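These notes are about the structure you will find just below.
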Amino acid sequence: MLTLDALAATRSLVVCVGPGGVGKTTVAAALAVRAARAGRRTAVITIDPARRLADALGLDGLDDELRRVPGLPLDAAMLETKAAYDALVRRITPDPGARDRILTNRVYQSFSRTLARSHAYVAMERLYDVTASGAHDLVVLDTPPTRSALDILDAPDRLVRFLDERVVGAFVGEDARGPRAWLRAKGTAVALRLFGAMAGEALMEELAAFFEVFVHLRAGFAERAAAVRARLADPTTSFVLVTAPDPTHLSDAAYLRDGLLDRDTPIDAVIFNRAFHAAADGAPLARSAGWPDEALDGPPGTERVRAAARALRAHLDDDNATFALARARFGAALPPTTARCALPVLDAEPTSLADLAALLDRATAPQGR
Ligand SMILES: Nc1ncnc2c1ncn2[C@@H]1O[C@H](COP(=O)(O)OP(=O)(O)O)[C@@H](O)[C@H]1O
Ligand SMILES: [Mg+2]
């Protein structure tokens, strides 16, 4: 079975998917730190990192540029949709005039902010950009929370389809004299003129201008989408599913698990985070491990403390048993080739690079079915 370190040591792209709030970003960062510590030139693209994690990685959140993490061959970026769209437009619109027109265009601004699934598009574009640079041995990609993670897989095709939709085609393609001419042309759909009347002439102008510049964007999209699709299907790409062992997260994770398998995307590892309470030696607490009762010997009243400790311990034991059962159930639907391992509930959230690296030391040995 593949260990997490082997994953970090051998893969060129690791995509971490999972429900929100399970520790996906933390695990993505931990994998990246491990790889970088082993000497691999690594990049981690995070989404919405917890404040302290962002601090540990040196991300100030002002933009989505890759930043070097001091002391390691590790670059980190925080993906922010609006900033990433702007960067995208800058990269692929060489003409500064056209670039400024699109960046200040109201239609573009609302498009870039609200386009459904825009996170997936942006992640796709960012991934293309980072992998195409060839500057890294490993890229670790964190994905948006919840079920939309599957959109990362679907984004390349969907994006191309979106851009080929008739409305876009109409604006950018059907009238050789350009979208403005098309809009003003005799016989232009009454509906569109009505729309113009409702939206106002100025907005119609901006809409036309947006699509005019959009032609530039469209040219490269299909090509980049194809490259990303190939990259995601590459044998050196691994998908890692991160989840917590409680019913709500497991049900979201099951949706992702099945969605990935439906798309013939192998899941190399499932990481159950916050999946057990650990004893002082790091091993999962177990009722059979015996009680440190002697530690509680002492003055009158100790018996009550001891009883409380016992009750707490029994509670944690029960949690561990429940979690273990839930993990086994979840794992039964996975192919035997998928490694599964568990990470403990930590006493404190990881706040430094050392904490992140140490987190994976506490993983249980990977198991197959
Ligand atoms: N094993 C763990 N034990 C305790 N806290 C954790 C653990 N893993 C992550 N956390 C904390 O949980 C919070 C959510 O983690 P995060 O990685 O941002 O989740 P996600 O990316 O899935 O939304 C963060 O504050 C993080 O530090
Ligand atoms: Mg996150």
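Coordinate-derived values only; no laboratory data. Computed from a predicted model, the values in this text were never measured in an experiment. In this analysis, Cβ positions are derived from the backbone assuming ideal geometry, glycine residues included, and neighbour counts consider all displayed protein chains.
In nm, give the distance between the simple-model label positions of Ala98 and Glu223, each being 7 Å from the Cα along the Cα-to-Cβ direction.
1.3
Ala50 to Glu303: FRET efficiency via 1/(1 + (r/R0)^6), r the Cβ-Cβ distance, R0 41 Å, to the nearest 0.05?
0.50
Suppose the chain between Leu312 and Ala280 were pulled fully straight at 0.36 nm per residue; how much longer would it get relative to their current alpha carbon spacing?
10.0 nm is the gain from fully extending Leu312 to Ala280.
Using Cα pairs closer than 8 Å and at least 6 residues apart in sequence, work out the relative contact order for the range 215-283, in percent.
That works out to 34 percent.
Output wanted: per-residue J couplings in Hz (rounded whole) for the range 30-39, from phi through Karplus 6.51 cos²θ - 1.76 cosθ + 1.60, θ = phi - 60°, x for Gly and Pro.
4, 4, 5, 5, 4, 5, 5, 5, 7, x
If I take every Cα pair under 8 Å that is 6 or more residues apart in the range 1-102, average their sequence separation and divide by the length, what percent do I get for the relative contact order?
That works out to 21 percent.
Residues with amide H under 5 Å of Ala244's amide H, sequence separation 5 or more or different chain, H placed in the peptide plane at 1.01 Å from N; which?
Asn273
Please give the net charge around Leu53, taking every other residue with its beta carbon less than 14 angstrom from that of Leu53, where Lys and Arg add +1 and Asp and Glu add -1. Kindly include the intermediate steps, with their values, before the conclusion.
Details: positive: Lys24, Arg51, Arg52, Arg67; negative: Asp48, Asp55, Asp60, Asp142, Glu349, Asp355.
Once positives and negatives cancel, what remains is -2.
Which of the trypsin sites (Lys or Arg not before Pro) found in the range 240-288 are in a DSSP loop and have at most 16 neighbouring Cβ atoms, other than their own, within 10 Å?
Of the trypsin sites (Lys or Arg not before Pro), the ones in loops of the range 240-288 whose Cβ has at most 16 other Cβ atoms within 10 Å are Arg263.
What are the residues whose amide H is under 5 Å from the amide H of Ala363, where those residues sit 5 or more places off or on another chain and H is modelled from the backbone?
Correct list: empty.
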